[in-house]
Each structure stands twice: as C-alpha cells, then as structure tokens.
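Beneath this line is the structure, given in structure tokens, with notes to follow.
The values are calculated or read from the model by the stated rules, or taken from the named source; none is laboratory data. Treat the numbers as computed from the prediction; the structure is a model and nothing was measured. Don't worry about glycine lacking a Cβ; one is built from the backbone with ideal geometry, like all the others, and counts go over all protein chains shown. Areas reflect the complete protein model, heavy atoms only, side chains present, ligands, DNA and RNA absent. Shrake-Rupley method; radii C 1.70, N 1.55, O 1.52, S 1.80 Å.
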Amino acid sequence: MRVAIINHLGDVGAGAENALLQFLVCLPESIEPVFFLFEDGAFAQAMRERFGTVTVLQMSERVATVKRTGLSLSAVPDSIELVGRLTRALRAAEPHMVLTNSMKAHIIGSIAAKVAGIPCVNYVH
C-alpha cells in the first residue's frame, strides 16, 4: 500500500516531525511511504536516505509565515496555487491514501486529497 505523507517542514524537524518518524519506523513493510514536503532541507534529506521518494513543493514566503494565530489574506492565492500543485503531484504518485502531519499540511493536504479523490487521514499527536 502506497501512503502519501504530507508535512510542511522539510528543513529542521520539530516535535511533529519527530512524532512522525517514530510512527514511520513502526509501519509494516507492506506500507510504501512517499513524502510531499513544502520545503527542502535536512529533514527532507533524512527522509530520502531512510525511505526514498521525497517530492518538494516549495511554499511561498507568504504561506510559510502564516501562523496559527491568523491567516493573512495575502497568503490565500499562494495557498490555492499550492493546493493545485499538490493535487497534481498526488494524482501522479497514485497513493492509496494520504496522511497529513502538520497544521499547514492538514489544511492544504486535505483539500488536495479531496480534489484528487484520495482518502485522507490527519495525524494529530
């Protein structure tokens, strides 16, 4: 089973990324994870080395700086554009399901998965 894992951080992993890694090492061998990150960096490279496929869909600075405390309206067009790119990438990867791992990934990834017609699970820890 191929599972698309979406996370917004790709550089320095934080708590969510550490929890994801602990989850991933427990997956049965029948699960093939493919990663979609919104930035490249050390965490992305660690996922490449350990699991293989990592696709980086760079987010704009406006999307990157959005915090939980509020949405900047200037980030909306960039977010919609990112949803479109992610939807196309998911369709090309043909996963059986999508797992999102961060707040930005939950929002952007859930919409993209829905548009692509792929079941989605939000991993909240």
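Details
- Those trypsin sites (Lys or Arg not before Pro) in segment 41-120 that DSSP places in a loop and that have at most 13 other beta carbons within 10 Å: R68
- Counting DSSP beta bridges with both ends in the chain, the antiparallel % (nearest 5): 5 percent
- Sum of side-chain charges, A64 neighbourhood, beta-carbon under 13 Å (Lys, Arg +1; Asp, Glu -1): -2
- Heavy-atom surface of segment 23-125, accessible at 1.4 Å and reported per residue (Å²): 56 Å²
- Working note: Cα gyration tensor of segment 61-108, eigenvalues times five, square-rooted, sorted largest first, giving semi-axes of 23, 13, 6 Å.
- Förster-model FRET efficiency, 30 Å R0, V12 and H96, C-beta, rounded to 0.05: 0.50
- Between E29 and K114, the contour length at 0.36 nm per residue exceeds the Cα-Cα span by 27.9 nm.
- When a 1.4 Å probe is rolled over the protein heavy atoms, the share of accessible surface on the chain that falls to carbon and sulfur comes to 58 percent.
- Taken over the Cα atoms of segment 8-72, the convex hull encloses 91 Å³ per residue.
- Extreme residue, positive dipole direction of the chain, given options I5, S72, F36 (C-beta unit charges): S72
- The chain - Rg (one decimal) and Dmax (whole number), Cα, Å: 13.5, 43
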